[in-house]
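Take a look at the structure below.
Read-outs throughout are calculated quantities, based only on the coordinates presented, and are distinct from any laboratory measurement. Since the structure is predicted, the reported quantities are computational estimates derived from the model, not experimental observations. So basically every Cβ, Gly included, is an ideal-geometry build from the backbone, and we count neighbours across all protein chains shown.
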Amino acid sequence: MDMTLADNWWAIAVRGVAGVVFGAIALFWPPAAVVALVLLFGAYALVDGVFNLIAAFRAPRSGRPWGWLAFSGIVGVLAGVLTFFWPGLTALALVLVIGWWAIITGIAEIIAAIRLRKHIQHEWLLGVSGLLSIALGVLLLVRPGIGAITVAIWLGAYALLFGILLIALGFRLRKWGRSQRPGDRDLRGTPVPRPA
């Protein structure tokens, strides 16, 4: 899983950039209608899901676990597609969809962070983004009656923080992946033994 993530660092960074863009739009230009929020969320969930599926399909080539990545990707794609086919969803239904999506995505990210802790430093970035996802999901499920503008602001703040954490993790994985090629060292600088 570690080299698969390092090889696909750009996908994690692109997910982060998508989160930052989505967060900035939602925070600084709150949608005036539920339809605008649905389309923004749908695009973000779809992009996030596609990149998770790409990572999941590449993982088996190197014998790495891929189940949680695939599951998270399928949930993201389904959430995105559903929002595009039913743009007239009520704010309540949208809040529930977003809440469950955030919880499932957060659990998958925490599991990935736990698996990475033995291989790289600062894996907590992915764990914190998972906790943020779960917190947002629980908050939305507990208070589903809030308005669409409030949801846009909450989602914007979440996506902005989540995106920044993923960008930092992506570049950290890129650095680690490059360190593995020439000198075969892990992120802590410890030499990795070569097979005999």
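Taking Lys and Arg as +1 and Asp and Glu as -1, the other residues whose beta-carbon sits under 14 Å from that of Val77 total 0. For segment 2-180, the spherically averaged projection of the C-alpha convex hull amounts to 9.0 nm².
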